[in-house]
Amino acid sequence: MLVEDSLVVRQLLIHIVGRDPRLEVVAAVASGEEALATIGQTRPDVVSMDIRLPGIDGLETTRRIMAERPTPIVVIADSIEDSSLRISMNALRAGALSVVEKPVATTHAGYDAVATEICTQLRIMAAVPVIRRRPIGSEWAGRTAAAPVSAALRVPEAASVLAIAASTGGPPALARVIGGLPAHYPLPVLVVQHMGPAFMEGFAAWLNSVVGLAVSVARDGGRAEAGHVYVAPGDRHLELGPAGHLRITDAAPVGGQRPAATALFRSVARHAGGRGVGVLLTGMGEDGATGLLDMRRAGGLTIAEDESTAVVFGMPAAAIRLSAAGTVLPLDRIAAHLARLAEGGP
C-alpha cells in the first residue's frame, strides 16, 4: 500500500514500484484516514508511508496501524525539511522500520538511486514479522540522571570504547540497546547506521531524544568522551584514532558502504585492541563482519544480534559464520550484557 497525499508523487511511486516485478501495488491512497479504512481489506505486506498528510498525519497513522493491524512500514520522507525529519524519526519510534528519501522528478540526477533504494526497502520489509508493541523508548522514558559513576559502575581496565553498527531495521534496535545502558555509562559509544546522508543529523537528534545518553554527530578530531554517543555523519567513515580521538574520512566505501561498520571496527581493533567492545546489529548484507573479526582477533569483546530478534539477519549472520562474534544475544539482552561488562561482571 502506498500512502501519499501528492498526486504527482503518488503516481511516481506507482511507476517506481511497478518497474519491480517482485512488488505489486494493492492500494494507493491520499490520506491516513483512507489508509486506516483500506488496510483491513487490502492486507498489504508492506506500507509506504508519507509523513506530511492532511488530517491524520503519517506519524499518527503509523501508530494506529502498529496498534490495530501491525504491518511493516517504510517511511518515505522529504529529507530536506527539518520538521519532516523529526516526524520521520518519531515514526521509527512508533514502529516504522526504516526511512528512505522521497523521489523527485525522473530527470533528477539522483532519481535512479532513490528509486532502487525504495524498492529494495519495500521488498526487504515486506518479509519482516511485526507485532503490537509500545513505542521504542517507552521503557526508559522519564529516566532521571543518575549520580556520578560509582564503584559499582567502574569499567574494567581493559575496556575503553564501545562500537555499535546497524543497517536495515537499525534505528529502533540502536534506540533499544543504547537506551538500555546506564545513564552514566563509562565508555564512549561510536555508532555506524546505514542511512541516507540527508537523514543523519535528524537521526542523531531523534536518538538523543529517546535515550538517556547524549547523542551527537561525530566531528573529526573530537575526543571520544565516556557516556557520549557519536554517530557517523552521512557518507563519511567514522573511525577511532590514536589517543581516543575521532576520525571522519571520505576514504573509499568499504564493501559498498560509507560509513562502513567494518571501517569502524577495524579502527577500534587497531587503536583499542583488547580494550574494544563491538556490537553488530540487524542489517542487510555483510558489512561489519570482517571488522568484528579483526576486533576479536585483537582481543576485544564482540557481540552479534541473534536471529530471533534481528529485523534482517544478514550482517549478524555473516559475523557468526566467520566466528567473529564471541557472544550472540537477542536484542533485549544486549544492553544488560554491556552494563554487566561495565560493572566488571562476567
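The values are calculated or read from the model by the stated rules, or taken from the named source; none is laboratory data. Being a predicted model, the structure only gives us computed values, none of them experimental. As a convention, Cβ positions derive from the backbone with ideal geometry for all residues, glycine included, and neighbour counts pool all protein chains shown. Ligands, DNA and RNA are stripped out before the accessible areas are found, and what is left, the full protein with its side chains, is counted by its heavy atoms. Shrake-Rupley method; radii C 1.70, N 1.55, O 1.52, S 1.80 Å.
Residues in region 15-60 that are touching a residue at least 60 places away in the same chain (Cβ under 8 Å), open to solvent by 40 Å² or more (accessible area, probe 1.4 Å) and closer than 19 Å to LEU97 by Cβ: ARG22, ASP45.
Among the conditions (1) closer than 17 Å to SER167 by Cα; (2) without any contact (Cβ under 8 Å) to a residue 60 or more places away in the chain; (3) open to solvent by 10 Å² or more (accessible area, probe 1.4 Å); (4) among the hydrophobic types (A, V, I, L, M, F, W, C), VAL75 misses just one, which is (3).
Hey, among GLY278, GLY234, GLY291, GLY283, which residue is under 27 Å from THR120 (Cβ atoms), open to solvent by less than 60 Å² (accessible area, probe 1.4 Å), part of a strand (DSSP E or B) and not hydrophobic (A, V, I, L, M, F, W, C)? Lay out the reasoning, then the answer.
Working: GLY234 fails: part of a strand (DSSP E or B); GLY291 fails: part of a strand (DSSP E or B); GLY283 fails: part of a strand (DSSP E or B).
So the residue among GLY278, GLY234, GLY291, GLY283 that is under 27 Å from THR120 (Cβ atoms), open to solvent by less than 60 Å² (accessible area, probe 1.4 Å), part of a strand (DSSP E or B) and not hydrophobic (A, V, I, L, M, F, W, C) is GLY278.
Just to be sure before I move on: is ARG93 open to solvent by 70 Å² or more (accessible area, probe 1.4 Å) and charged (D, E, K, R) in the structure I sent? Considered against the rule, which asks whether it is open to solvent by 70 Å² or more (accessible area, probe 1.4 Å) and charged (D, E, K, R), ARG93 comes out as no. Restricting ARG132, ARG143, ARG86, ARG63 to residues that are in a helix (DSSP H, G or I), open to solvent by 70 Å² or more (accessible area, probe 1.4 Å), modelled with pLDDT under 85 and of a type in the set (Lys, Arg) narrows the list to ARG86. Which members of region 258-275 meet the condition of being farther than 17 Å from ALA304 by Cβ and either of a type outside the set (S, T, N, Q) or open to solvent by 10 Å² or more (accessible area, probe 1.4 Å) (or both)? Within region 258-275, ARG258, PRO259, ALA263, ARG270, HIS271, ALA272, GLY273, GLY274, ARG275 meet the criteria.
Filtered by the rule that a residue be at pLDDT 95 or above, surrounded by fewer than 16 Cβ atoms within 10 Å (Cβ to Cβ) and assigned to a loop (DSSP other than H, G, I, E, B), region 237-257 gives ASP250, ALA251, ALA252, PRO253.
Filter region 186-202 for residues that are within 13 Å of TYR230 (Cβ to Cβ) and touching a helix residue (DSSP H, G or I) at 6+ places or on another chain (Cβ under 7 Å); which is surrounded by the most Cβ atoms within 10 Å (Cβ to Cβ)? Explain how you work it out, then say what you get.
The first filter runs over region 186-202 and keeps only residues within 13 Å of TYR230 (Cβ to Cβ), leaving 187-193, 200.
Filter once more, keeping what is touching a helix residue (DSSP H, G or I) at 6+ places or on another chain (Cβ under 7 Å): 187, 189-193.
Values: LEU187: 23, VAL189: 27, LEU190: 27, VAL191: 28, VAL192: 32, GLN193: 24.
So, considering only residues that are within 13 Å of TYR230 (Cβ to Cβ) and touching a helix residue (DSSP H, G or I) at 6+ places or on another chain (Cβ under 7 Å), the one surrounded by the most Cβ atoms within 10 Å (Cβ to Cβ) is VAL192.
Return yes or no: is LEU329 touching a Leu at 6+ places or on another chain (Cβ under 7 Å) and modelled with pLDDT of 95 or more?
Values: touching a Leu at 6+ places or on another chain (Cβ under 7 Å): no; modelled with pLDDT of 95 or more: yes.
No: the conditions fail for LEU329.
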